[in-house]
2 protein chains.
Amino acid sequence: MAEPSRQQSVPSVARQVHLASRPRGWPASENFAVVEAPVPEPAAGQVLVRNLLMSVDPYMRGRMNDVKSYVPPFRLGAPLDGGAVGEVVVSAADGLRPGDLVLHGLGWREYALVDAGSARVIDPALAPVSAYLGVLGMPGLTAYAGLLEVAGMRPGDTVFVSAAAGAVGSLVGQLARLKGAARVIGSAGSPAKVAHLRALGFDAAFDYHDRPVRESLREAAPDGIDVYFDNVGGDHLEAAISALRPHGRVAICGMISQYNAEEPAAAPRNLALLIGKQLTLRGFLVSSHEGLREQFVTKVSGWVRSGELRYDETVVEGIEAAPAAFLGLLRGENLGKMLVRL
Amino acid sequence: MAEPSRQQSVPSVARQVHLASRPRGWPASENFAVVEAPVPEPAAGQVLVRNLLMSVDPYMRGRMNDVKSYVPPFRLGAPLDGGAVGEVVVSAADGLRPGDLVLHGLGWREYALVDAGSARVIDPALAPVSAYLGVLGMPGLTAYAGLLEVAGMRPGDTVFVSAAAGAVGSLVGQLARLKGAARVIGSAGSPAKVAHLRALGFDAAFDYHDRPVRESLREAAPDGIDVYFDNVGGDHLEAAISALRPHGRVAICGMISQYNAEEPAAAPRNLALLIGKQLTLRGFLVSSHEGLREQFVTKVSGWVRSGELRYDETVVEGIEAAPAAFLGLLRGENLGKMLVRL
């Protein structure tokens, strides 16, 4: 192909967020550095994207540790990455044109050089671009696959979800209701969030700071639960195992209570209950459930358009605020999806 | 029907073992009482059975506690019960005649009054009667269903089983080999048992007293495992979770390390690994897998006859020794199935 096509003038340098040091325990702002770097020119098959919104997600905490896991650790002195949406400003790739809006995996920077194969064009007429990072994106598919495929939720089930005011949890609870759950229970970290869960249609909700989770859950689900969608681990998981009825199922999506622990975390001491109650605990990654994406997008976008499913966003402004947004996410300062507008 | 038919003279009193008190922690002989009781006469639809062999099983420990579980607790001052085989001596039931050998659930007594619907006639020409309490009975079906249905073992899997010299574990390891496992690893509690596992065809075996299970398992399975059949819980489960490869599966059959614990037991602190490795932990009861029984009996009896599958029995003589047999089982004094000959 000929010269890369460009729509607008591009600065020669732009900002990105580096991992300056690896956190021990809770991360802090000094673990991050906002640095200026040259804006590169796309090679053949690439596009230069001006990022509009980037996502911060709990799983990123694990990537800050130097351990082998399902995704490689972030490198020191290099930009972080993660979900982002942006506008193609220079294209050297067939099929992508300046002005196209794309979803890709190179957030934490104002301008991203993206391989065309890693960018997915999104349609702002179908949904706000932010939705592609939340309700119609990775968190949405996580909720959908975890609840329906991993936990195998069935109509009539009583469903409990932790971190229920977060991007994933708030969808899990609403999806459970839409799929015919008998009762939906959520836990969250503040009275305002608890009130919000009730407004979203949760049958019961509690603040896990108030009392032992076990007690709150017993009161909220006196007859037990069938499904637990775990975003938290620790005492939430232990309480859920005690509350589960025979053949109950746990989809383990995250354990945010443990991500900043410097010691091995407290573990559920009641795993022997798995035997007599014939329980299943299953960890999962959304990446293994791509086969559900089409069904998920069709169903969930329909429910969003009809107003049956609501989603919330907490948006922080400017790349320099991205580290604070991430730290705030770990402290639970968000309602719904935490995003940074660049 | 007419008078009950009888084959032989029946004593007026016989011995049975009662639960004298509920153990705290490790049970002891004073928790049991061998008492004489009148031998009853069968009512219509019942048979009187002279028990020949009775089973002692780890799950019985849980029934000694006064807690609601999947089977009701044993009652104080009443006979214990459990698997037994015996000979019908008086029948007041159609279809059962004196001399028939039957498998039933009223062990821990010399004579049992059994509802005909709870007795299954067994054929001593097909297998020794003891096999119906072990390799062809509940422990055998437990191993078969747990390995193949609950853990979904596939050819090429590396399989680890704990309490591998016990009635269930020794079958799990051999079934895994017969079903095409790439590598079979067992843990047991003595050097003699470890040697026995190697003789049974296990590729690797270790004594869990020697070193931390995690270290022994890493050496025995340097490339990790795909399936763990858990009879033990605690540090074995934690080590297995660390060793499991992506999409690994755990069938949780028992947690004998915890049955006598007076405090809530140590729990695996690495459950967060379930997420990134997409692991499944599933507790099960053999009673939910009756649908496999016919297939199981056909396959396993064939392997036993051909000599491809071996089974061991540790037999203790006399009902007065039944409590000691049970206590010995909890301490791991058995090789293979622990039985009491009455």
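The values are calculated or read from the model by the stated rules, or taken from the named source; none is laboratory data. Predicted model only: the values in this text are computed from it and were never measured. Using ideal geometry, Cβ is built from the backbone for each residue, glycine included, and neighbour counts are taken over all protein chains shown.
Here are the numbers for the structure shown:
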item: Residue satisfying all of: in the stretch A:279-313; within 14 Å of another protein chain (Cβ to nearest Cβ) and aliphatic (A, V, I, L, M); farthest from the chain's Cα centre (by Cα) among these; result: A:Leu279
item: Members of the stretch A:124-155 that are out of contact with any helix residue (DSSP H, G or I) (no Cβ under 8 Å at 6 or more places or on another chain) and surrounded by fewer than 24 Cβ atoms within 10 Å (Cβ to Cβ); result: A:Pro124, A:Ala125, A:Pro128, A:Val129, A:Ser130, A:Gly152, A:Arg154, A:Pro155
item: Top-ranked residue in the stretch A:3-22 [being part of a strand (DSSP E or B) and either in contact (Cβ under 8 Å) with a residue 40 or more places away in the chain or within 26 Å of the chain's Cα centre (by Cα) (or both); ranked as nearest to A:Ala322 (Cα to Cα)]; result: A:Val17
item: Filter pass, A:Arg154 being of a type in the set (D, E, K, R), in the same structural domain as A:Pro323 (by TED's automatic domain parsing), modelled with pLDDT of 95 or more and not in a helix (DSSP H, G or I); result: no
item: Among residues of the stretch B:211-230, those that are closer than 22 Å to B:Pro155 by Cα and either surrounded by 20 or more Cβ atoms within 10 Å (Cβ to Cβ) or touching a Leu at 6+ places or on another chain (Cβ under 7 Å) (or both), counted; result: 10
item: Some residue of the stretch A:232-246 being touching a residue at least 24 places away in the same chain (Cβ under 8 Å), out of contact with any Pro (no Cβ under 6 Å at 6 or more places or on another chain), at negative phi and within 9 Å of chain B (Cβ to nearest Cβ); result: yes
item: Boolean, A:Ala266 is within 10 Å of chain B (Cβ to nearest Cβ) and without any contact (Cβ under 8 Å) to a residue 40 or more places away in the chain; result: yes
item: Unique residue being within 23 Å of B:Arg154 (Cα to Cα), assigned by TED's automatic domain parsing to the domain that holds B:Val161 and at pLDDT below 95 when the list is B:Gly254, B:Gly248; result: B:Gly254
item: Residues satisfying the stated conditions in the stretch B:23-69, i.e. of a type outside the set (A, V, I, L, M, F, W, C), closer than 28 Å to B:Leu285 by Cα and in a loop (DSSP other than H, G, I, E, B); result: B:Pro23, B:Arg24, B:Gly25, B:Pro27, B:Asp57, B:Pro58, B:Tyr59, B:Asn65, B:Asp66, B:Lys68, B:Ser69
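Residue by residue, here is whether (1) more than 20 Å from B:Ala145 (Cα to Cα); (2) part of a helix (DSSP H, G or I) holds:
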| site | (1), (2) |
| --- | --- |
| B:Leu171 | no, yes |
| B:Gln174 | no, yes |
| B:Val184 | no, no |
| B:Leu197 | yes, yes |
| B:Arg211 | yes, no |
| B:Leu217 | yes, yes |
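Residue-wise test of (1) of a type in the set (D, E, K, R); (2) surrounded by 23 or more Cβ atoms within 10 Å (Cβ to Cβ).
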| position | (1), (2) |
| --- | --- |
| A:Val250 | no, yes |
| A:Glu263 | yes, no |
| A:Leu271 | no, yes |
| A:Leu285 | no, no |
| A:Ser301 | no, no |
| A:Leu309 | no, no |
| A:Asp312 | yes, no |
| A:Met338 | no, yes |
